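Asks: Handing you a structure now.
Derivation of every value follows stated rules applied to the coordinates shown; laboratory data play no part. Just so we're clear, the structure is a prediction, and the values are computed from it rather than from any experiment. Virtual Cβ from ideal backbone geometry, glycine too; neighbours counted across all protein chains shown.
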Amino acid sequence: MQELNESQKNIIYSSIRDIPDFPKPGIIFKDITTLLNNKEAYGTLMSHLNERYKSYNLDYIAGIESRGFIFGSALAASLGLGFVPIRKPGKLPSTVVSEKYSLEYGVDEVQIHLDAFRGQDGARVLLVDDLIATGGTAVAAANLINKAGGHCVEACFVVELSFLPGRQKLESLTEVYSILTV
């Protein structure tokens, strides 16, 4: 399985901007907009993802709202696959399956269309998002894929915050691949 070399990782990593104290004091936000508008970095990333996943025999790519849509839909198009959005409540127009998850102070929820995989039981699905931190959203999304009749074969993230427990939580449900680990 192809891995990025250090030079390629540096191209991607150096294109991601840190924004201190966003969205609240003490947080260092990883801003991927500077990755997206850097043609060399975005091209390196998408070429790598295409190469990595072309032999996975996938049926669909699922992306978590909203940054997962950017990487997931581009990858789905390059692999000739369908794209499935996983969204916040009230954003999908048809019958949905929901999954709630805990936040530091409260609960949140994500949803997927009940017919997201067109009745293909056991569809092989790759879950994509920009970043994994505590893992709440990713675990909920992987559970949703399975509830809707799919099989989440792997979850892929551009950045993993390794000092938080996201990977450990998610590994009980699926394989986890992170391009960059911070």
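Asks: What are the ³J(HN,Hα) values, in whole Hz, obtained from phi via the Karplus relation 6.51 cos²θ - 1.76 cosθ + 1.60 with θ = phi - 60°, for each residue of segment 59-65 in sequence order, with x given for Gly and Pro?
Replies: 9, 8, 10, 10, x, 8, 4
Asks: Counting only the backbone N, which residues of segment 146-182 are under 20 Å from the spot 7 Å out from the Cα of Asn5 toward its beta-carbon?
Replies: 179-181
Asks: Shifting gears a bit: How far apart, in nanometres, would the label points at Glu175 and Ser162 be if each is projected 7 angstrom from Cα along the Cα-to-Cβ direction?
Replies: Taking the simple label geometry, Glu175 and Ser162 are separated by 2.0 nm.
Asks: My understanding is that a pair violates if its Cα-Cα distance is over 18 Å; which of Lys30/Lys88; Lys30/Lys91; Lys91/Lys169; Lys9/Lys39; Lys9/Lys54 do that in this structure?
Replies: Beyond 18 Å between Cα atoms: Lys30/Lys88; Lys30/Lys91; Lys91/Lys169; Lys9/Lys54.
Asks: A follow-up question, please. Report ³J(HN,Hα) in whole Hz for each residue of segment 122-129, in order, from the Karplus equation J = 6.51 cos²θ - 1.76 cosθ + 1.60 where θ = phi - 60°; Gly and Pro get x.
Replies: x, 3, 7, 10, 9, 8, 10, 8
Asks: In addition: What does the net charge come to around Asn38 if you take all other residues with beta carbon closer than 13 Å to its beta carbon, with K and R at +1 and D and E at -1?
Replies: Value of the local net charge: 0.
Asks: Stretch Asp121-Asp21 to full length: gain in nm at 0.36 nm per residue minus the Cα-Cα span?
Replies: 31.6 nm
Asks: Give the shape of segment 95-141 as rounded, prolate or oblate, defined through the alpha-carbon gyration tensor: a ≥ b ≥ c are the square roots of its eigenvalues, a/c under 1.5 means rounded, and otherwise the shape is prolate if a/b is larger than b/c and oblate if not.
Replies: Oblate is the answer for segment 95-141, as a/c is 1.5 or above yet b/c matches or exceeds a/b.
Asks: Let me ask something additional. What's the local net charge at Glu99, with K and R +1, D and E -1, over the other residues with C-beta under 15 Å away?
Replies: Taking every Cβ under 15 Å from that of Glu99, the sum is +2.
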